[in-house]
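Here the structure is laid out as structure tokens; the discussion comes afterwards.
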Amino acid sequence: MLVVSYDISNNKLRRRFASMLLKRGGIRLQYSVFEFNNAKRVLDILKTKIDTNFAKQFGGSDSILLFETDENKAIKYGNAIHRDQDLLFFT
């Protein structure tokens, strides 16, 4: 599991960054925090995208943090626990 957290001061750049994360399969946990599955593959893609498309535009107060962890070791509470449960639909 990969968690990406960001604090970007420029509104346009922040929207572009969030859009890029959504297009790469990110699940929004909070306004500026996304969760990804397939962490290793996605991490490589995100690092490349950030380096080529965003890094030069970040200001001194902007920050991006990428956290990689074993999904089985992650401790989740609240709404986050429901994404890992299977759903059963009756029609």
Item checked: Neighbour net charge for residue 43 - beta-carbon separation under 12 angstrom, K R +1, D E -1 -> +3
Check: When the helices in the chain are scored as -39500 (n - 2.57) per DSSP H run of 4 or longer and the sum is shared across all residues, what 222 nm value do you end up with, to the nearest 500 deg cm²/dmol?
Finding: -8000 deg cm²/dmol
Margin query: Tell me the label only: which of (1) 37, 24, 21; (2) 58, 30, 17; (3) 49, 25, 23 is Cα extents along the principal axes in Å as calculated from this structure?
Written below: (3)
Check: With Cβ to Cβ distances under 9 Å as the rule, what net charge do the other residues near residue 6 carry (K, R +1; D, E -1)?
Finding: -1
Check: Hey, how many Å between the Cα centroid of region 57-77 and the Cα centroid of region 18-37?
Finding: 11 Å
Check: Looking only at 72, 38, 11, which one moves most when the chain is put into a Gaussian network model with springs between Cα atoms under 10 Å?
Finding: 72
Next item on the list: Starting from the Cα of residue 74, step 7 Å along the direction of its Cβ; do the same at residue 49; then give the gap between the two resulting points in nm.
Entry: 1.6 nm
Margin query: Counting only pairs 8 or more residues apart or on different chains, how many lysine pairs in the chain have their Cα atoms under 27 Å apart?
Written below: 17
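Any read-out appearing in this document is the output of simple, stated calculations on the displayed coordinates, not a laboratory observation. All of these numbers come straight from a predicted model, not from anything done at the bench. As a convention, Cβ positions derive from the backbone with ideal geometry for all residues, glycine included, and neighbour counts pool all protein chains shown.
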